[in-house]
Amino acid sequence: LIPGAKLSQMSYVSYTTRGHGESTGWEESAQSNPEQFQWKYLSNDMNAVSNYIGVKSYIAAGSSMGSATALYSAAAFPKRVKGLILLRPPTAWEERVARRDKLLSNADACEQANPGQPHHHVLRGTAYSDLPSQDDRALYSKIKCPVLILTIKGDPAHPLSTAYELSRKMPQSTLHTADNAEQASKQWPHIVKNFIND
């Protein structure tokens, strides 16, 4: 999302994260560099996309893993990221560690079902991903732009606890909690629109 214009005049850019969808170019390095699929390193791709299209500043946004990528982008490139929209932040910290065994088991199953294919490395990168430590005040202090956090009650993969803690870490944030997915689909477009226009 490129600021500096009214919502109707803004440009929207979306891309497929490496290792996902039909993305290519990562396969040969997947085994030797599985860290490239961790959230904190995926932020480099978000910045590379902005460089590629010639955007000097933007509003970083994403859902689930994408919200983690956007958060790391805002911390790594604070002069470029003018706003941050985090939809359904994922499990993090203690809850992330507790979920890791299941994620690694999924990676093992993927490897067995698709021998010779590199996608299980992507899943392992996801398993070892996490949001910045709750004690990393230096990193969170780098995020000075307005932040919008949107979450839904009752989603174990995107728990309220993560959204609440992120909101506490970033005082410049606004948190909206939907009761269910249907309510979110009705309310969130208007909330995002108002955030961008503001």
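The values are calculated or read from the model by the stated rules, or taken from the named source; none is laboratory data. Bear in mind the structure is a predicted one, so any value in this text is a computation, not a measurement. Neighbour counts are summed over all protein chains in view; Cβ atoms, including those assigned to glycine, are modelled from backbone coordinates with ideal geometry. For the accessible areas, the whole protein counts, side chains as well, though only heavy atoms, and no ligand, DNA or RNA atoms are used. Shrake-Rupley method; radii C 1.70, N 1.55, O 1.52, S 1.80 Å.
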Requested in this report: Collect the residues in the stretch 34-48 that are open to solvent by less than 40 Å² (accessible area, probe 1.4 Å) and not in a loop (DSSP other than H, G, I, E, B), keeping them in residue-number order.
Outcome: GLN36, PHE37, TRP39, LEU42, SER43, ASP45, MET46, ASN47
**Report entry** Every residue from the stretch 83-108 that is touching a strand residue (DSSP E or B) at 6+ places or on another chain (Cβ under 6 Å) and more than 20 Å from THR16 (Cβ to Cβ)
**Finding:** GLY83, LEU84
Query raised in the report: With GLN112, GLN117 as the choices, which residue is touching a helix residue (DSSP H, G or I) at 6+ places or on another chain (Cβ under 9 Å), without any contact (Cβ under 8 Å) to a residue 12 or more places away in the chain and not in a helix (DSSP H, G or I)?
Result: GLN117
Requested in this report: Provide a single number: the residues in the stretch 149-171 that are among the polar types (S, T, N, Q) and out of contact with any strand residue (DSSP E or B) (no Cβ under 6 Å at 6 or more places or on another chain).
Outcome: 2
Query raised in the report: Taking into account only those residues within the stretch 49-106 that are aliphatic (A, V, I, L, M), open to solvent by 60 Å² or more (accessible area, probe 1.4 Å) and part of a helix (DSSP H, G or I), which is farthest from PRO132 (Cα to Cα)?
Result: ALA98
Query - Members of the stretch 12-44 found to be over 14 Å from the mean Cα position of the chain (by Cα) and among the polar types (S, T, N, Q), listed by number - result: SER23, THR24, SER29, GLN31, SER32, ASN33, GLN36
Query raised in the report: Got at least one residue in the stretch 137-158 being under 30 Å from GLU27 (Cβ atoms) and in contact with a helix residue (DSSP H, G or I) (Cβ under 7 Å, 6 or more places away or on another chain)?
Result: no
Requested in this report: Answer yes or no: is there a residue in the stretch 160-171 that is in contact with a Lys or Arg (Cβ under 6 Å, 6 or more places away or on another chain), of a type in the set (Ser, Thr, Tyr) and either open to solvent by 20 Å² or more (accessible area, probe 1.4 Å) or not in a strand (DSSP E or B) (or both).
Outcome: no
Requested in this report: Kindly establish whether ILE191 is touching a residue at least 60 places away in the same chain (Cβ under 8 Å) and not acidic (Asp, Glu).
Outcome: no
Query - Residue selected from the stretch 129-157 under the condition closer than 27 Å to ASP108 by Cβ and at pLDDT below 95, by the criterion surrounded by the most Cβ atoms within 10 Å (Cβ to Cβ) - result: ASP155
